[in-house]
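The values are calculated or read from the model by the stated rules, or taken from the named source; none is laboratory data. The structure presented is a predicted model; accordingly, all values stated were derived computationally and were not measured. Please note: Cβ atoms are built from the backbone with ideal geometry, for glycine as well, and neighbour counts cover all protein chains shown.
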Amino acid sequence: MLSEFVIAQIVFDVAVVAAAVVYVLTRPGAPRPPEPPEWYAQFLKLAQDLMTATEPVLERLETREPPPPAPLAPVAAFAPVVAPAPARAYDRYEEARALLRSGAAPDTVAGRVGLQPGEIRLLAKVVAAESRRGSR
């Protein structure tokens, strides 16, 4: 009777090992990540173009040095401290907006002020929006 139990145990062990081998061989592979939508490549291209277009403008803004602080006058006792108004630095964008408001052509404004065509187009749209808002 003991030999029958040992034989049955060996048969069950072989069946368990065979089932494990079959499971490992027929197990499906790891699921692949889904493909990105078709607009994703266009979005990445647009983001790259936007970064390429704005990087020179941002670098120019970062390298612009602020005017040095104005020296303060000595403070008298009980006298209010009034700091002098800081001198306004030359602002090409403000001059370009003023010229566009006066009706100058964007090409002449770009040549006079030294701005890029994209910057002039943007400023022209801003000036047009301001004039529409002001006329209401």
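Quick notes
- Here the condition is being acidic (Asp, Glu), surrounded by 10 or more Cβ atoms within 10 Å (Cβ to Cβ) and at pLDDT below 85; of 91, 107, 49, 13, it holds for 91 alone.
- Pairs are defined by a Cβ separation below 8 Å, a sequence spacing of at least 6 or placement on different chains, a first member in segment 115-127 that is within 15 Å of residue 103 (Cα to Cα), and a second member that is part of a loop (DSSP other than H, G, I, E, B) and modelled with pLDDT under 90; the pairs so defined are 123/115.
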